[in-house]
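Engineer: Input: one structure, supplied below.
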Amino acid sequence: MGMGLIILLVLLFTAALVGTLFAFKQEENKMKHYEEAGDSVEDQLRRSHEYETVSLKSNLPLQVAIYSVTIVLSLVVFAFYIF
């Protein structure tokens, strides 16, 4: 049972890491698109202000969801292991 628990926890944390890297890759792709399209100072300033407002509504909830699910499932598995 101990080895199964360790394997499950490793899989959960790996899933959380993959979710984090996916979110990072999305932002990286946006930056590449902006570089290819051409950049002006005005565009950069507009995107900066837009990012400050939009990222709190999209990226933060995604990260909270990923880590919340991971932590809850880890605690459930740990409680199952103890009892």
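Engineer: Calculate the dipole size of the chain relative to its Cα centre from +1 charges on Lys and Arg beta carbons and -1 charges on Asp and Glu beta carbons; express the result in debye to the nearest 20.
Structural biologist: The calculation lands at about 440 debye.
Engineer: Name the most mobile residue of Leu45, Leu17, Leu60, meaning the one with the largest mean-square fluctuation, in a Gaussian network model of the chain with Cα contacts below 10 Å.
Structural biologist: Comparing Leu45, Leu17, Leu60 in the GNM, the peak value goes to Leu45.
Engineer: Tell me which trypsin sites (Lys or Arg not before Pro) from segment 41-72 have a DSSP coil assignment and no more than 12 other beta carbons within 10 Å of their own.
Structural biologist: none
Engineer: What does the convex hull of the Cα atoms come to per residue for the chain, in Å³?
Structural biologist: Hull volume normalised by residue count: 70 Å³.
Engineer: Keeping every protein chain present and rolling a 1.4 Å probe, give me the accessible area per residue for the chain in Å².
Structural biologist: 79 Å²
Engineer: Using a 1.4 Å probe on the protein chains only, how many percent of the accessible area of the chain belongs to carbon and sulfur?
Structural biologist: Exposed carbon and sulfur together represent 74 percent of the surface.
The values are calculated or read from the model by the stated rules, or taken from the named source; none is laboratory data. What you see is a predicted model; the values in this text were computed from it and never measured. FYI the Cβ positions are ideal-geometry reconstructions off the backbone, even for glycines, and counts take in every protein chain you see. Accessible surface is based on the protein model in full, side chains and every heavy atom, while ligands, DNA and RNA are left aside. Shrake-Rupley method; radii C 1.70, N 1.55, O 1.52, S 1.80 Å.
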